[in-house]
Amino acid sequence: MFEVVFLGTSASTPSAYRGLSAHMILHRQYRFLLDCGEGTQQQILRSGLGFKRLGKVLLTHGHLDHILGLGGLASTLGRWEMLEKMEIYGGRSTLARVAKLIFGVVFPEKYPPDVIELIPLNHGDIILEDENFRLAAFSVTHRGPDCYGFLFEEKPRRPFIAQKAEALGVPFGPERSKLVRGEAVQLADGKEILPDDVLGAIIPGTKYVHIGDTGKTSDLVEVCRDADALTIEATYLDVDAEMARQFGHLTAAQAARLAVEANVSSLILTHLSRRYYEREVIQEARAIFPNTYVARDFDRFQITRDGTKRLEKKQKD
């Protein structure tokens, strides 16, 4: 299960109701800040999330509306929150810009070099992986080089069937743990128990795809294939499709057609332009892909194999 908190959902410039691009993805003990537009610090505080465990920042690309909040955030975490480590992932051109901001402006004289680490990405890089979860980066097409989307994916698992284990005489303890890990065990009476004897059919894990700015969808179909939820920009409407093409962005209809082609379960649209009403964006997308949401600042979505659910807001005054 993943929880996504939208901290900023406006395109290019903030509006009275929408901040600049920033999102928090929560999974078990992990917290990931994805993009960090101007004002992200305040949005984090207003959301009630706070600054704890903000050790990994994922950047889609280097445009200012996606990175300008990093300077202030790094200053706050470094000076007041006793930050142990901040890893910032992004394309090389993105990180070059971030380095000028953080090391050239915020900490021009001294700062422990091992506290903030800039980690360049390549297509297909695994950012984090454990026995249950994998986070990977993939290339997207936007203006300029080194633009990335992110794939959050639980690994498939086979449930342990306790009734079968009991019938076979498997005791509680390390024997059951080994069987869950796919290892055969030998009981005290010499009988060998195989994982297939006590494990059920494979259950796919939850798959969540988050894409920032992009002007092309044909190279995204496979990475989005069968995702339980896809978050992607919808900066324009189809009436302005030519403008969208010129600036390397999508229309709501293009995002919806990607959702159909990739067979995703739910579509969440963000990065909205101030030139449109929200109802226009949702109407255009839902005409093609009915299970579409338009995210607002402080919206929280819970994403599981059983579906995507918009949760009650937990915004603090």
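The values are calculated or read from the model by the stated rules, or taken from the named source; none is laboratory data. Bear in mind the structure is a predicted one, so any value in this text is a computation, not a measurement. So basically every Cβ, Gly included, is an ideal-geometry build from the backbone, and we count neighbours across all protein chains shown.
Residues that are without any contact (Cβ under 8 Å) to a residue 24 or more places away in the chain, surrounded by fewer than 17 Cβ atoms within 10 Å (Cβ to Cβ) and outside any helix (DSSP H, G or I): does region 195-215 have at least one?
no
Those residues that are in a helix (DSSP H, G or I) and either aliphatic (A, V, I, L, M) or in contact (Cβ under 8 Å) with a residue 12 or more places away in the chain (or both), I need them from region 83-102; list them, please.
Within region 83-102, Arg92, Ser93, Thr94, Leu95, Ala96, Arg97, Val98, Ala99, Leu101, Ile102 meet the criteria.
Filter region 16-43 for residues that are of a type in the set (Val, Ile, Thr) and assigned to a strand (DSSP E or B) and give the result.
Matches in region 16-43: Ile25 only.
If you scan region 5-61, which residues turn out to be of a type in the set (Val, Ile, Thr) and over 18 Å from Val281 (Cβ atoms)?
Val5, Ile25, Thr40, Ile44, Val57, Thr60
Can we say Asp238 is under 27 Å from Ala16 (Cα atoms), touching a strand residue (DSSP E or B) at 6+ places or on another chain (Cβ under 7 Å), crowded, with 23+ Cβ neighbours inside 10 Å and not hydrophobic (A, V, I, L, M, F, W, C)?
no
Give the residue that is farthest from the chain's Cα centre (by Cα), with candidates limited to residues of region 141-186 that are without any contact (Cβ under 8 Å) to a residue 60 or more places away in the chain, within 30 Å of Ser218 (Cα to Cα) and part of a loop (DSSP other than H, G, I, E, B).
Pro145
Please note which strands (runs of 3 or more DSSP E) are completely contained in region 258-315 and include at least 2 residues that are at pLDDT 95 or above, of a type in the set (A, V, I, L, M, F, W, C) and in contact with a His (Cβ under 9 Å, 6 or more places away or on another chain).
In region 258-315, there are no strands (runs of 3 or more DSSP E) which contain 2 or more residues that are at pLDDT 95 or above, of a type in the set (A, V, I, L, M, F, W, C) and in contact with a His (Cβ under 9 Å, 6 or more places away or on another chain).
For region 49-82, which positions are assigned to a loop (DSSP other than H, G, I, E, B) and modelled with pLDDT of 95 or more?
Across region 49-82, the qualifying residues are Leu59, Thr60, His61, Gly62, His63, Leu68, Gly69.
Please list, ordered by first then second residue, the pairs with beta carbon atoms under 6 Å, 6 or more apart or interchain, first in region 105-119 and within 20 Å of Gly90 (Cα to Cα) and surrounded by fewer than 10 Cβ atoms within 10 Å (Cβ to Cβ), second of a type in the set (Ser, Thr, Tyr) and at pLDDT below 65.
Close Cβ pairs (under 6 Å, with a partner that is of a type in the set (Ser, Thr, Tyr) and at pLDDT below 65) do not exist here.
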